[in-house]
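Peer 1: Here's a structure for you.
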Amino acid sequence: MIHIQEPKSPWEVVHMDWVTALPPSGDKSYNACLVIVDRYSKTPIFLPCHKDDTAMDTDLLLWSRVISHTGLFKNIISDRDPKFTSALWTNLHRLFGTKLSFSTAYHPQTDGLAERMIQTLEYMIRRFCAYGLECKE
């Protein structure tokens, strides 16, 4: 199990994970969501995307919609999704000085903040869809 030092300020340490297999929604038919949770404040960010987005797409989305506002992260905690373990992702974040920490296959609670936020998001989406509403960007 990895030991994560508690952050001293917001957006130093974030948890990331994906929600996939969502019904297509919006003008761009988004069918996935990148969930980012700040470990310090527990603030979530939900970024609509596509389940077949590449590591490059993910980095561009992360940079344009999050890092440009929060600054660079010191540590990203995630599962071992191929996007998060790709050479592009690991090399780019090494250049940024961001430490990448991965949860193990049989110990997903390491990334518990993102996992709990995903449960909440899925509940909200189910309620939203129950009323026949559609997500907009």
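Peer 1: If you look for lysine pairs in the chain that are eight or more places apart or on different chains, how many of them have Cα atoms under 12 Å apart?
Peer 2: Within the chain, the lysine pair count is 4.
Peer 1: For W11, list long-range residues whose amide hydrogen, built 1.01 Å from N in the peptide plane, is under 5 Å from its own amide hydrogen.
Peer 2: The answer is R39, Y40, S41.
Peer 1: Let me spell out the model: positive unit charges on the Cβ of Lys and Arg, negative unit charges on the Cβ of Asp and Glu, origin at the Cα centre of the chain. What dipole size does that give, in debye rounded to 20?
Peer 2: So the dipole magnitude of the chain works out to roughly 280 debye.
Peer 1: Same structure again: Work out which chymotrypsin sites (Phe, Trp or Tyr not before Pro) in the chain are exposed loop sites (DSSP not H, G, I, E or B, at most 12 other Cβ within 10 Å) and give the longest gap free of them.
Peer 2: Numbers: sites that count: Y106, Y131.
The answer is 1-105.
Peer 1: Over the chain, with a Gaussian network built from C-alpha contacts below 10 Å, which listed residue (H69, H50, H93) shows the highest mean-square fluctuation?
Peer 2: Greatest mean-square fluctuation among the candidates belongs to H69.
Peer 1: If you don't mind, another one. Compute the distance in nm between two label points, each set 7 Å from the Cα along the Cα-to-Cβ direction, one at R127 and one at T90.
Peer 2: About 4.0 nm, to one decimal.
Peer 1: Could you compute the net charge surrounding T20? Neighbours are other residues with a C-beta less than 13 Å from the C-beta of T20; K and R count +1, D and E count -1.
Peer 2: On the way: positive: K51, K83; negative: D17, D52, D53, D79, D81, E122.
That sum, taken over residues with Cβ under 13 Å, equals -4.
Peer 1: What relative contact order, as a whole-number percentage, does the stretch 13-130 give when Cα pairs under 8 Å and 6 or more residues apart are counted?
Peer 2: Reported relative contact order: 26 percent.
Peer 1: May I ask which residue of M56, Y40, G26 lies farthest towards the positive end of the charge dipole of the chain, with charges of +1 (Lys, Arg) and -1 (Asp, Glu) on Cβ and the Cα centre as origin?
Peer 2: Y40
Peer 1: I would also like to ask the following. Let me know the volume per residue of the alpha-carbon convex hull for the stretch 2-103, in Å³.
Peer 2: 100
Peer 1: Calculate how many DSSP beta bridges within the stretch 13-130 are antiparallel, expressed in % of all such bridges and rounded to the nearest 5.
Peer 2: On the way: 14 of 22 bridges.
Roughly 65 percent of the beta bridges in the stretch 13-130 run antiparallel, per DSSP.
Taken together, the values in this text are just the output of simple stated rules run on the coordinates, not laboratory data. Fair warning: this is a prediction, and the values are worked out from it, not measured in the lab. FYI the Cβ positions are ideal-geometry reconstructions off the backbone, even for glycines, and counts take in every protein chain you see.
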